[in-house]
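Structure first, commentary second.
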Amino acid sequence: KSCSNFQALSFDAYYQESVNERREEQYRIRRCKVIFYPEDDTIQVVEPRIANAGIPQGEPETIPDDPYSVHRKAFVESMQPLRPYERLDKLKQFLDHDRHVLRFFCFWDDTESLYGDPREMVLNYFLADDTIEIREVIPANSGREGTSCFLRRQKLPRGVVPVPLPGTVTDRTLLNVFGHPQRGGRYILDSLKMGAVKEDFYTDRDLTIGASLNVYGRKFLVCDCDEFTKEYYRTKYGLTDFTPVKPSISETSISVTRENPPYNGWGSEEDSLANCKGLIPVPPKADFAKFMSKDKRGFDSFILRFFARMVTDNPLDRDRLFIISCFLSDDTFSIFEPTTRNSGFKGGLFLERRRAKKPNAERFSTQPPDYYTPHDLYVGAILELNSFKFELLDADEYALRYMELHSNEFPYSDIHVIHDKLRQFAQNRFEELQTFAHNQDPDGTGTIGYHQLKCLIDQLTGPEHTLNTQELFTLGRFHADRPPKEIQHGIVLGLARQTLRKAAFEDFTSLLLACRQVDAEKTGEVDSETLRRISLAHHMPIPDDMLGAIMKYSATQNGKIQYESFLNQLNWRCTHMGVPSEVP
């Protein structure tokens with residue numbers, strides 16, 4: 001067959017037809033389709049049907065009835081009941097509310113029965129088929145085990161009904177049967193439902209907060225519901241009050257408070273208490289999340305170090321100095337005594353790392369002991385560790401900065417609290433404070449010393465409301481006049497090499513080839529922006545500020561950088577890498 005047998009060309013066309021019988025129109029536009037068949041060069045014109053076109057037609061002719069069709073129609077209608085059957089359409093409800101569940105929190109007071117107690121329940125109402133499921137909330141050590149299903153998913157009747165016989169409760173009521181079902185038998189349904197068993201079940205309209213439900217003779221009180229249920233009742237029924245109902249528990253119920261046994265002296269208090277909670281001895285659980293978040297990471301040690309002295313009347317111990325370290329990962333403390341020549345003390349570790357108890361705590365008590373935490377540390381505080389009293393005299397830079405950054409945990413390092421405390425004493429005394437500051441600064445530098453600041457605060461607040469040492473440190477550090485510190489080039493290079501070594505970066509040959517490709521004039525120098533772009537393209541793991549500081553020191557007078565010398569300085573394989581002693 002030729003391929004033209006299956007081809008046709010279709011064109012949209014119209015023609016104008018004159019209308020002489022109507023006064024409203026003189027002509028009419030008729031739209032049609034012109035179809036051309038290439039196989040035999042024939043044309044077909046098709047006009048689409050238009051409703052109420054107004055084209056004059058002939059008078060309609062009546063078609064006579066077929067006697068056999070009329071007989072069959074009358075016979076079929078005689079088999080249909082006068083009242084139509086009730087339509088059971090459950091598909092729409094299922095499609096609209098599938099996986100939509102109303103959740104209610106119920107309470108069942110079973111204290112009146114023998115060995116009964118109050119029990120909490122969760123009632124789930126499934127909107128897809130109006131069924132109810134009840135599950136029990138079984139608390140720990142309640143004496144009840146097994147499944148939590150209290151009532152399987154079913155329709156819940158309002159009252160207690162007798163158990164029906166098999167076949168009594170059905171969706172349809174069978175009225176009569178004619179003939180054998182396998183040999184053309186027929187049946188008729190009872191459309192009037194005269195013998196149907198009427199049952200009344202709980203629906204979503206009956207479930208409200210504060211309502212009482214009869215669950216097969218048990219009285220359930222609806223106390224609360226979840227957010228989805230509240231939104232459902234707010235949208236469908238317009239309810240706005242969802243105040244939870246507190247159940248009234250019978251006075252006969254006895255609440256037992258667990259009392260821990262006293263410490264037996266073996267191991268730590270936490271270890272002995274963990275052994276009392278089970279037959280198999282297990283170690284106490286540590287706060288692993290706190291350990292992971294505050295363990296050492298890079299240069300962030302999470303260790304607060306304080307310089308302290310021993311508070312004692314013994315003249316030999318009065319001048320001894322110590323370093324108290326607090327480890328934030330587990331709130332442990334360690335004390336180290338620096339070696340001092342001709343002091344009579346050897347120095348070294350004074351207290352190994354452990355948790356420190358607060359004084360005046362009973363040794364064999366049923367309550368857990370109270371330990372020192374990092375929140376108890378501030379400059380000027382007095383700690384009693386193992387019957388030795390220590391006064392915190394100073395702290396290192398990391399500890400002071402950490403407490404200032406976490407001022408919500410260390411209130412004495414919160415500069416806003418300190419300003420608010422001083423502001424209430426400085427009202428209407430501005431001229432007095434300004435005169436004192438001018439007298440303490442005779443050279444007119446605009447600054448005063450720390451001791452002058454302390455005298456000014458004492459004069460302002462008085463001895464009763466003066467700031468403690470930690471607050472004075474925070475105030476002085478916040479308003480300190482710090483000259484810009486010059487960064488040492490060797491320290492920055494050492495940190496850069498250490499960063500590259502930890503990241504195992506050795507692609508210096510590719511960096512050198514990329515720089516030579518950019519250097520078209522073979523001068524051995526490129527500008528800093530080009531070198532920065534090449535370093536980023538090769539994923540050099542150096543922070544941008546550190547890379548900029550190294551480029552600044554390596555730049556020549558014309559502002560360009562000798563890239564071969566620059567890369568040799570960063571190559572940790574060829575250059576001796578000294579670990580910097582301090583971090584700028």
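Among the residues of region 184-203, are any out of contact with any Pro (no Cβ under 9 Å at 6 or more places or on another chain) and modelled with pLDDT of 85 or more? Checked region 184-203: at least one residue is out of contact with any Pro (no Cβ under 9 Å at 6 or more places or on another chain) and modelled with pLDDT of 85 or more.
Lys219: in contact with an Asp or Glu (Cβ under 8 Å, 6 or more places away or on another chain), more than 24 Å from His97 (Cβ to Cβ) and assigned by TED's automatic domain parsing to the domain that holds Glu136, yes or no? When the stated conditions are applied, Lys219 passes them.
Candidates are the residues of region 241-300 that are at pLDDT 85 or above and of a type in the set (A, V, I, L, M, F, W, C); the one that is farthest from the chain's Cα centre (by Cα) is Val245.
This table checks each residue for (1) under 36 Å from the mean Cα position of the chain (by Cα); (2) not small (Gly, Ala, Ser).
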{"residue": "Asp507", "(1), (2)": "no, yes"}
{"residue": "Ser510", "(1), (2)": "no, no"}
{"residue": "Ala514", "(1), (2)": "no, no"}
{"residue": "Ala520", "(1), (2)": "no, no"}
{"residue": "Thr523", "(1), (2)": "no, yes"}
{"residue": "Leu531", "(1), (2)": "no, yes"}
{"residue": "Ile542", "(1), (2)": "yes, yes"}
{"residue": "Leu547", "(1), (2)": "no, yes"}
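Counting only residues that are surrounded by 11 or more Cβ atoms within 10 Å (Cβ to Cβ) and modelled with pLDDT under 75, region 140-167 holds 0 of them. Is it the case, given these coordinates, that Ala356 is among the aliphatic types (A, V, I, L, M) and either surrounded by 14 or more Cβ atoms within 10 Å (Cβ to Cβ) or outside the structural domain of Gly380 (by TED's automatic domain parsing) (or both)? Criteria met by Ala356. Among the residues making up region 500-515, those that are without any contact (Cβ under 8 Å) to a residue 40 or more places away in the chain and of a type outside the set (Gly, Ala, Ser) are Lys502, Phe505, Asp507, Thr509, Leu513. For the structure I just gave you, tell me whether Asn314 is on the phi > 0 side of the Ramachandran plot and not in a helix (DSSP H, G or I). No, not satisfied.
Of the residues Ile323, Ile280, Ile335, the single one that is in a loop (DSSP other than H, G, I, E, B) and either β-branched (Val, Ile, Thr) or assigned by TED's automatic domain parsing to the domain that holds Lys389 (or both) is Ile280. Among the conditions (1) in contact with a helix residue (DSSP H, G or I) (Cβ under 8 Å, 6 or more places away or on another chain); (2) in a helix (DSSP H, G or I); (3) under 30 Å from Leu377 (Cα atoms), Leu433 misses just one, which is (3). Asp420 meets the conditions (1) surrounded by fewer than 15 Cβ atoms within 10 Å (Cβ to Cβ); (2) at pLDDT 90 or above in every case but one. The failed one is (2).
The values are calculated or read from the model by the stated rules, or taken from the named source; none is laboratory data. Everything quoted here is computed from the prediction, not taken from an experiment. Using ideal geometry, Cβ is built from the backbone for each residue, glycine included, and neighbour counts are taken over all protein chains shown.
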